[in-house]
Amino acid sequence: MLRAHVYLIISLFLLGACAKKETSNTATNGRISPTYAGPAEAAYCAATVPYGGSTITVSGTAQYVRRETYNQPSAMPSFTGLGSASTSHPDLPAGAYPIRAAEVRVTDAAGNVVQCAQTDPVSGAFSFTVPAGNITYKIAINSRSAQFNGGAIYMNASVLNKPEANQFYSLVTTISAGGGNVATGVLQATALTSGPMLGAAFNILDMFFNANAFLRNKVGTCGATFPGCTSVTTSAPVPKVSAYWEKGFNPNDYFGSTSGLSFYLPDYSRLFILGGISGEIDDADTDHFDNSVILHEYGHFLEDSMFFSDSPGGSHNGNKVIDPRLAWSEGWGNFIQAAILSDTSIFTTPPMAGTPRYFDSSGNVDGTPDLFFAVNLEDMTGTDLVTGGQGEGNFREFSVSRMLIDAVDGTGAEATGSAYIDNISGAFNQIWAGLTKTTGKAFRQPALAFRNIGDLHLAQQALGTTSWSAIRAGNYHDGNTSEYGEYVTTAGSCAIVSPGYNYEIDPTVAATNYANSNLFLDNDFYHLKIATAGTYTISLDYKDADGTGQEADLELYLYNESAQFAVGADILSRSMSDPDSNPATPQNETITVALAPGNYLINVNAFTAGAFSAAGPTQYSIKLNGANLCPASL
């Protein structure tokens, strides 16, 4: 994996026609880098402090307010986007939710910690004892969660302001211990942009709670069902994650851009969530209440920490043919957020529960509201329609998302985009096993490289459970890596398409240059593993299938393991000779290159510019030092 890349969601910055509403004074001063270590985060308040003598009991409940996503263009009043910060708004009310399993830190006037507690993982209630007397205590409900009193771990997570400070957010009240037991009532972190907007920080934390609750529910006993699968429990949780969010701050400022950006930073277990642009919140793009975005990025954290990703990163589009490694990674992020948000055991009311969707908003009802995305991930519609045939779904982000959703949702006929019967439901544990096992073709199998949805299909089949052939076919997926990253070796077994030729490609889509060529139709990709350092010759022999008409122009490329398509720094060698214009004669491309042990990607490209766009089916073989390279099992 190329670790320099971030997993990101970029939203266009829309200029509102109205004057700016409430802004934040948050500045970019002191920002250094998203990878900056910064000061150590304060130690977690992890255990109850026992007291004898005269004590009082303090109890209360912690809540946060979330602006809700509304998608009701045909309703009265018509509205799409984030609603009000008020829970009593007549049309677009906010929601109030418990702050669950959060750290409670109690300090005296001198700042000394006198007690620790944790909010209830269901209700957000808290209760603790402190010494009685003429003492004032500060109670802080903090935006982080970890193990408390050696018990259950509901999540390992912190929501912090910036790496340069590593400061968590606190919902604070003070009490006097001189008058007996104290009931604080409900402490509420609001979503008002005129204040610190603590509701945003606690909403991010609560999405992490929901993600962990979902995993515990779905794969808490995964290891017992599928030996080697990584179970998630309150005693074996997912690793620690830190989310950085600051009111009004755009994480894209780190990269010198004003476009709104939320992203995950691989190898650092850090999410960066968009808090606004240049201090603007009500009219500008934000993501702190866009739960789809938060959980999509958390999905990338799960990739990084729980299994493995070979995604090259970069921009992506759910409606286009893209690199299958990127399509897998982004499709997984789309899927996991939708699976969590539509899970009726977690969310019981719309717009979250029910149909799996992707919502991404800009602004809110107090400014210029909009929905960038309101995608129904269950339907195949519009430009998302697969046109290139079976196997193209492996190259499409939304197709990956839909296929995974079909594996976990209910069964029945698919009504939109593809008429087939979805016969699979409740199979998240199979997906998770295919991702977290280290054997059986699973994603953590060390020998794998160039991981994509085809590898998950192979891993699922190796589990020996119910066949997914219907949902694969319905989403135009090949159930293997034959379209991308198929492992080849001189000891493998080749099909014979004609004497001396083992593969076939049918150039289809005219492209002005190599970088714009169709990755599915006009390129084939093979995984080559080199065990011993040395100089190797890779050759491509090809011919027109029927020896008549316009012959093709096949080209040969060799990439390193990072393998960003058409990026020169990742191309180790290439051969781009022109054919001889005689379709009756065979053609050849050859490269000779010194290789270290490792994984490499062979790319056979059909150049389709100009007259070559009319080329027909072309047969070819690939050789390593004169021996045929043929498919084999890793």
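The values are calculated or read from the model by the stated rules, or taken from the named source; none is laboratory data. In this text the structure is predicted, and so the values were computed from the model without any measurement. With ideal geometry, Cβ positions are generated from the backbone for all residues, glycine too; neighbour counts draw on all protein chains shown.
Results, tabulated for the structure shown:
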| item | result |
| --- | --- |
| Ser242, sole failed condition from (1) surrounded by fewer than 24 Cβ atoms within 10 Å (Cβ to Cβ); (2) not in a strand (DSSP E or B) | (2) |
| Residue match in region 215-227 (condition: in contact with a strand residue (DSSP E or B) (Cβ under 8 Å, 6 or more places away or on another chain) and not in a loop (DSSP other than H, G, I, E, B)) | no |
| Sole exception among (1) touching a strand residue (DSSP E or B) at 6+ places or on another chain (Cβ under 7 Å); (2) surrounded by 15 or more Cβ atoms within 10 Å (Cβ to Cβ); (3) without any contact (Cβ under 8 Å) to a residue 60 or more places away in the chain for Pro93, by number | (1) |
| Residues satisfying the stated conditions in region 305-316, i.e. within 17 Å of Val293 (Cα to Cα) and either surrounded by 22 or more Cβ atoms within 10 Å (Cβ to Cβ) or touching a helix residue (DSSP H, G or I) at 6+ places or on another chain (Cβ under 7 Å) (or both) | Gly313, Gly314, His316 |
| Check on Lys529, surrounded by fewer than 18 Cβ atoms within 10 Å (Cβ to Cβ) and assigned to a strand (DSSP E or B) | yes |
| Residue tally, condition within 24 Å of Val386 (Cα to Cα) and either outside any strand (DSSP E or B) or at pLDDT below 95 (or both), over region 492-526 | 17 |
| Selection count where residues are within 23 Å of the chain's Cα centre (by Cα) and either assigned to a strand (DSSP E or B) or of a type in the set (Ser, Thr, Tyr) (or both), scope region 371-391 | 8 |
| Any hit, region 549-563, residues being under 32 Å from the mean Cα position of the chain (by Cα), on the phi > 0 side of the Ramachandran plot and buried (at least 16 other Cβ atoms within 10 Å of the Cβ) | yes |
| Matching residues, region 595-630, being within 24 Å of Pro324 (Cβ to Cβ), surrounded by fewer than 19 Cβ atoms within 10 Å (Cβ to Cβ) and of a type in the set (A, V, I, L, M, F, W, C) | Leu595, Ala609, Leu624 |
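Residue-by-condition table, conditions (1) modelled with pLDDT under 95; (2) in the same structural domain as Glu561 (by TED's automatic domain parsing); (3) assigned to a loop (DSSP other than H, G, I, E, B):
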| position | (1), (2), (3) |
| --- | --- |
| Leu404 | no, no, no |
| Thr416 | yes, no, yes |
| Gln430 | no, no, no |
| Lys441 | yes, no, yes |
| Asp455 | no, no, no |
| Ser467 | no, no, yes |
| Ala473 | yes, no, no |
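Yes/no matrix, rows are residues, columns are (1) in contact with a Gly (Cβ under 8 Å, 6 or more places away or on another chain); (2) modelled with pLDDT of 95 or more; (3) under 12 Å from Ala338 (Cβ atoms); (4) of a type in the set (Ser, Thr, Tyr):
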residue: Gly354; (1), (2), (3), (4): no, no, yes, no
residue: Ser362; (1), (2), (3), (4): yes, yes, no, yes
residue: Val365; (1), (2), (3), (4): yes, yes, no, no
residue: Leu371; (1), (2), (3), (4): yes, no, no, no
residue: Asn376; (1), (2), (3), (4): no, no, yes, no
residue: Thr381; (1), (2), (3), (4): yes, no, no, yes
residue: Gly410; (1), (2), (3), (4): no, no, no, no
residue: Ala413; (1), (2), (3), (4): no, no, no, no
residue: Tyr420; (1), (2), (3), (4): yes, no, no, yes
